[in-house]
Amino acid sequence: MSAMNASVRLSLSSLRAHKRRFAGTFLAVFLGVAFLTGTLVMGDTLRAGFDTMFGNATSGTDAVVRSADAITTPGESEGVREPVDTDLVTTIEKVPGVAAAAPDIQGAGQLVGRNGDPIGGQGPPTLAGNWIADPELNAYQLAEGRAPQKSGEVVIDRGTAERGDLNIGDTTTLRTPDPVKVTVVGLATFGGEDGMAQVTFTGMTRADAEKYLTAGPGEAASIQVRAGPGVTQQELVDKLDPVLPKGVEAITGQESAEENTDMISSQFLTLFTTFLLVFSGVALLVATFSIHNTFAIVVAQRTRENALLRALGASRRQVTASTLVEATAVAVTASLAGLAGGIGIAAGLQALFPAIGFPFPESHLVISALSMALPLAVGVVVCLGSALLPAARAGRTAPLAALRETAVDTSAASRLRAVTGLGLLALAVGVTLSGVLVTPSLWLAGTGAVLALAAFVALGPVASTTAVRILGGPLDRLRGVTGGLARRNALRSPKRTAATTGALMIGVAVVSLFTVFGASLKATMDQTVSRSFAGDVAVSTPSFGAGGSGLSPRLADAVQRLPEVDTAVGLGRGVAEVDGKGRALTVTDPVALERTFDLGNVRGSLRDLGTDGIAITEKEADKQHLTTGDTTQLTFTDGRQQTFTVRAVYGQSELAGDYVITRDAWAPHRTQDADTLLAVSFKDGVSTEAGQAAVEKVAGQYGNPEVQTRDEYAQSSAGGIDMMLTLVYALLALAVLIALLGIANTLTLAIHERTRELGLLRAVGQTRSQLRAMVRWESVLVAAFGTVGGLTLGAFLGWVLVKASDGASDSTFAFAMPPLQLAVVALVGLTAGALAGLRPARRAARLDVLRAIATE
Amino acid sequence: MTTTTVTRSAARVVDAVKVYGTGDTSVRALDGVSVDFPVGRFTAIMGPSGSGKSTLMHCAAGLDTLTSGTAHIGETELSSLDDRRLTLLRRDRVGFVFQAFNLVPTLTVAENITLPLDLAGGKGDREWIDALIDVVGLRDRLHHRPSELSGGQQQRVAVARAFAGQPDVVFADEPTGNLDSRSGGEVLGLLGRAVRHTARTVVMVTHDPVAAAHADEVVFLADGRLVDRMESPTAEKVLDRMKAFEVPS
């Protein structure tokens, strides 16, 4: 026990003595833990906020009656449900224990603000529905004005009113998507807040709602039910169940609120959690390298001290333990600081959101035990795990080492390492290539990518010698003996050079990976549009999220009538189960579609799809073993099944979708009609400008959606990618910062080890500036090695990701290497090297020549 | 300046005082030493531990600065020079041989020899360096690394480097301290030959009477003062003189 205390004492005193050395380690662990904590706290807080809000808003609703089944298409979280019959309301009202019931008609409706721009629609839904008269059943509470009484009158939520600068008495347009002229007669709140986050809501009369939001009267998304006194929610549901027809279910108000909370908080959180978690992951990954390296250095430096301890009778375990205690101290300190930092991040975001027009439900920060324990555990485990090997090495120190000069491991990489590394690399390339080229599989490619990473780490020391020799080649000539010395210093301890650059390599690799992937995505979008879009202009709704109400199907007809226009084709979206799986259908005029989009090789004919014909892409047809003339079953959201005959199989799908049916075929099953894209081609001789102006004029009457030329359309499709890349560069900055500290650490240590040598150099005439330059160049060389390694790895992984996505998904991915961005990444890496060398160089230059050369 | 010297001095110190620390803990390592090292002579500085012999050498060579008094290399007064000029002066006009850590481990023998010249960015006198390599007898080792040489060989490389730039004066600090007697003898012989054959100046700090016997003259230091000088020393004479210091006072 007292022996243990001795090792604890030793480690703590050594920590105090070398605080600065642990700065890099501390920062890496701190950031990783902080981002992780921030994510968790933020998630809990948001959930709690939404819980309260939904609880308040729907407290009067005890049960919700709706269709049991939902059809979910791939890539969508929320399914589409069949509407329920409003006649059920009378049935339900008769059930004993029911106090009130009201149909809830819901659809998409986007309001146009005072300045003519639509409000919202960039992600969160834009909802419209009937204003439920019973205030307890209505999730929205009237705050000002009155409820809508006649056609054209609406109540809107206050948040939306503020965003669109609308007031009671104002008249504006509601895109359903057909433009409807509405007058605001009231403002509402949701669960005590100005709105349900960024969701916009418009409440209209039931007649208006039925007219504009549903296919016909008598349909509602759900029926809200309130229980009489003394009846619990569950009792109410139990009473309702027997009277409901097949396919219709009742759930408690609480369940409904929870579903809503889940839906909206996941929608909200996805962006932020993904971003924060990636940051956290990168920081922790880089941290493992930084920690391992720092401890390896500390242990190497303390060889004599440890050997002396061993010679004096300390056991192997005690020496190992003292290093681990040190690691634990760093881990716990950094993790605790990280927890505080994470809470700070969450608090900051909470304060930031409202400031950028993002209503955040009022709530105190929710700090759960899990969101504290998990990051703490991760931080400590990562730190201890990374320090394990160096600690074991410390324990293995031979007592005899006390008698030798401070030994620096200058051994070149072992043959075993080279062989293992090369084997790993070969395996990685093999697995990856087969995952990419032979049998496309993201899993196989992913495994290959991880193997490649492992191979790079294993091969680091082997490669560092050659790489530094080549990279530093020009230094001898350019910088004379200073450059030559720098190069040879970087070559001194290949293992250390490799370990030092590990963090930088990973950081640069991650960023290059994203850069390459982002550029490829952009190229893909560009290629998709230029290949399959034969039109001149496109009218589209925002490309990200399901928000907005879409385009009025009548817009296509109106544009078609323009004298400048050759073909205008609107693409609507339908949902059905094909072969038991939810699929998105493209609802359009197939003939016009073929004229404006390049569908590739078409077998059969798109001309006579009629009401029972369907056109399918080759890929889908092959998957389901269908060919022209075959029949397939479609199940629509209204529960009806219909047999369709495959009349055409076409080659390309990117913009046109995989399944095409006519508007006539879709009509019986439609809910609220909307087009997602209108493609227009002009007659010969009509300039794009003139045509665009004409289309814009017509579009103005339909809620003013954006009219884009082909190029603009392609670019806007890729708009989100630039945002992603901006985040990635923030990530680069983070990784580079940590790596920078790591390089500085190693250099400082090296300078400490080379005190005598530096003193000698100064004594025989190396000037201070020459000495500084020598250290800086060494730093740049080391960074160059890491940067080049990272770029290579990142570009390779980017290629793998693109190719694997290409092989594994239905759409075609293009691969693109953005030379400019990658050059910037390389420059940042090298600059980091130069910066990292500054402090150690200054320190080295301050060295007292006499102390350095003094013998003992 | 009352000292009249027939010969020019390569290096000299006048009234050199060096105090380490302040107040009660201060130590006067040099206490008014005046000595000059004439051109073309091999001078040894001797004295017991703590006598200030290393401090004297460091100050005379421009590695350390005096508290008061002056140090000169040739006609250049050192206290007026900033760090950069001192460095350039060491590079161009002074050579060093230390007890250990004399060579840069990453450079080859040839590169170590020409290091000061390379740092200066000049070519140096190729013939002179060529001759030096033969004098120290390392022609077959030119492309070896220091770690592949014996201690004696390493010191011979250091001697070659010290003379490579044809300096005014070479300072040697216990150059044989880490060597066995045979290797030490070789290195000392080398220093002696360099002085006599090429008219160079060497100042050597040592505590070994046998090493001092290779010098033309020995100056004795005790308690920071110059206490004695001896022309044409032999090991026995030096040893006898040294024994006098050990008498408890």
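List of remarks:
- Answer from A:A556, A:A615, A:A576 - the residue that is surrounded by 18 or more Cβ atoms within 10 Å (Cβ to Cβ), under 14 Å from A:L677 (Cα atoms) and either in the same structural domain as A:W666 (by TED's automatic domain parsing) or in contact with a His (Cβ under 9 Å, 6 or more places away or on another chain) (or both): A:A556
- Residue in region B:166-185 that is part of a helix (DSSP H, G or I), among the hydrophobic types (A, V, I, L, M, F, W, C) and touching a strand residue (DSSP E or B) at 6+ places or on another chain (Cβ under 6 Å) present: no
- Among the residues examined, B:T55 qualifies as at the interface with chain A (Cβ under 10 Å from one of its Cβ atoms), part of a helix (DSSP H, G or I) and farther than 29 Å from A:A750 by Cβ.
- Failed condition for B:G50, given (1) at pLDDT 85 or above; (2) out of contact with any Gly (no Cβ under 6 Å at 6 or more places or on another chain); (3) surrounded by 13 or more Cβ atoms within 10 Å (Cβ to Cβ): (1)
Conditions (1) in contact (Cβ under 8 Å) with a residue 60 or more places away in the chain; (2) farther than 30 Å from A:K683 by Cα, marked per residue:
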site: A:R554; (1), (2): yes, no
site: A:V559; (1), (2): yes, no
site: A:A592; (1), (2): no, no
site: A:L599; (1), (2): yes, no
site: A:A615; (1), (2): no, no
site: A:T628; (1), (2): no, yes
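- Verdict on B:A44 being assigned to a strand (DSSP E or B) and either buried (at least 16 other Cβ atoms within 10 Å of the Cβ) or within 10 Å of another protein chain (Cβ to nearest Cβ) (or both): yes
- Wholly within region B:186-235, strands (runs of 3 or more DSSP E) carrying at least 2 residues that are surrounded by 20 or more Cβ atoms within 10 Å (Cβ to Cβ): B:202-205, B:217-222
Rundown of residues vs (1) within 14 Å of chain A (Cβ to nearest Cβ); (2) touching a helix residue (DSSP H, G or I) at 6+ places or on another chain (Cβ under 9 Å); (3) among the hydrophobic types (A, V, I, L, M, F, W, C); (4) assigned to a loop (DSSP other than H, G, I, E, B), yes/no style:
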| site | (1), (2), (3), (4) |
| --- | --- |
| B:E127 | no, no, no, no |
| B:L132 | no, yes, yes, no |
| B:V135 | no, yes, yes, no |
| B:D140 | no, no, no, no |
| B:Q154 | yes, yes, no, no |
| B:V157 | yes, yes, yes, no |
| B:A160 | yes, yes, yes, no |
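- Single residue of region A:316-356 satisfying the filter (within 21 Å of the chain's Cα centre (by Cα) and of a type outside the set (A, V, I, L, M, F, W, C)) that is modelled with the lowest pLDDT: A:Q350
- Some residue of region B:67-80 being assigned to a helix (DSSP H, G or I), in contact with an Asp or Glu (Cβ under 8 Å, 6 or more places away or on another chain) and within 14 Å of another protein chain (Cβ to nearest Cβ): no
- When A:A463, A:A458, A:A454, A:A486 are checked against the criterion of being among the small types (G, A, S), touching a Lys or Arg at 6+ places or on another chain (Cβ under 9 Å), in a helix (DSSP H, G or I) and surrounded by fewer than 23 Cβ atoms within 10 Å (Cβ to Cβ), A:A458 stands alone in meeting it.
- Within region A:236-253, being assigned to a helix (DSSP H, G or I) and either touching a Ser or Thr at 6+ places or on another chain (Cβ under 6 Å) or touching a residue at least 40 places away in the same chain (Cβ under 8 Å) (or both) holds for A:L236, A:V237, A:K239, A:L240, A:V243, A:G253.
- For region A:740-754, a residue qualifies if it is farther than 16 Å from A:R772 by Cβ and within 12 Å of chain B (Cβ to nearest Cβ), and exactly one does: A:E753.
- The set of residues from region A:216-240 being surrounded by fewer than 21 Cβ atoms within 10 Å (Cβ to Cβ) and in contact with a helix residue (DSSP H, G or I) (Cβ under 8 Å, 6 or more places away or on another chain) comprises A:G216, A:P217, A:G218, A:E219, A:V231, A:Q233.
- Criterion violated by B:H144 - all others in (1) more than 14 Å from chain A (Cβ to nearest Cβ); (2) exposed (fewer than 14 other Cβ atoms within 10 Å of the Cβ); (3) outside any helix (DSSP H, G or I); (4) not polar (S, T, N, Q) satisfied: (2)
- Single residue of A:D178, A:D157 found to be more than 22 Å from A:P553 (Cα to Cα) and charged (D, E, K, R): A:D157
- Matching residues in region B:83-95 - criterion: being more than 8 Å from chain A (Cβ to nearest Cβ), buried (at least 17 other Cβ atoms within 10 Å of the Cβ) and farther than 19 Å from B:R200 by Cβ: B:L86
- Residue count for region A:484-497, restricted to those that are away from every other protein chain (no Cβ under 11 Å) and in contact with a Phe, Trp or Tyr (Cβ under 6 Å, 6 or more places away or on another chain): 0
- Checked against the criterion of being in contact with a strand residue (DSSP E or B) (Cβ under 6 Å, 6 or more places away or on another chain) and either at the interface with another protein chain (Cβ under 10 Å from one of its Cβ atoms) or without any contact (Cβ under 8 Å) to a residue 12 or more places away in the chain (or both), the candidates B:F37, B:F98 yield just one match: B:F98.
- Meets criteria (more than 14 Å from chain B (Cβ to nearest Cβ) and either surrounded by 20 or more Cβ atoms within 10 Å (Cβ to Cβ) or among the small types (G, A, S) (or both)) for A:V481: no
- Condition check for A:R487: touching a residue at least 24 places away in the same chain (Cβ under 8 Å), of a type in the set (D, E, K, R), touching a Leu at 6+ places or on another chain (Cβ under 8 Å) and under 22 Å from B:L103 (Cβ atoms): yes
- Here A:G159 meets the list (1) at pLDDT 85 or above; (2) touching a helix residue (DSSP H, G or I) at 6+ places or on another chain (Cβ under 6 Å) almost entirely, failing just condition (2).
- Criterion (closer than 24 Å to A:G639 by Cβ and in contact with a Phe, Trp or Tyr (Cβ under 9 Å, 6 or more places away or on another chain)) met by exactly one of A:S222, A:S280, A:S256: A:S256
- Among the residues of region B:96-119, those that are under 14 Å from A:L761 (Cβ atoms) and within 21 Å of the chain's Cα centre (by Cα) comprise B:F96, B:F98, B:F101, B:N102, B:L103, B:V104, B:N112, B:T114, B:L115, B:P116, B:L117, B:L119.
- Taking (1) within 30 Å of A:G218 (Cα to Cα); (2) touching a Pro at 6+ places or on another chain (Cβ under 8 Å) in turn, A:A615 satisfies each apart from (1).
- Qualifying residue in region A:593-612 (condition: closer than 29 Å to A:D557 by Cα, basic (K, R) and either in a strand (DSSP E or B) or in the same structural domain as A:Q527 (by TED's automatic domain parsing) (or both)): yes
The values are calculated or read from the model by the stated rules, or taken from the named source; none is laboratory data. None of the values given here were measured: they were computed from a predicted structure. Note: ideal-geometry Cβ built from the backbone for every residue, glycine included; neighbour counts use all protein chains shown.
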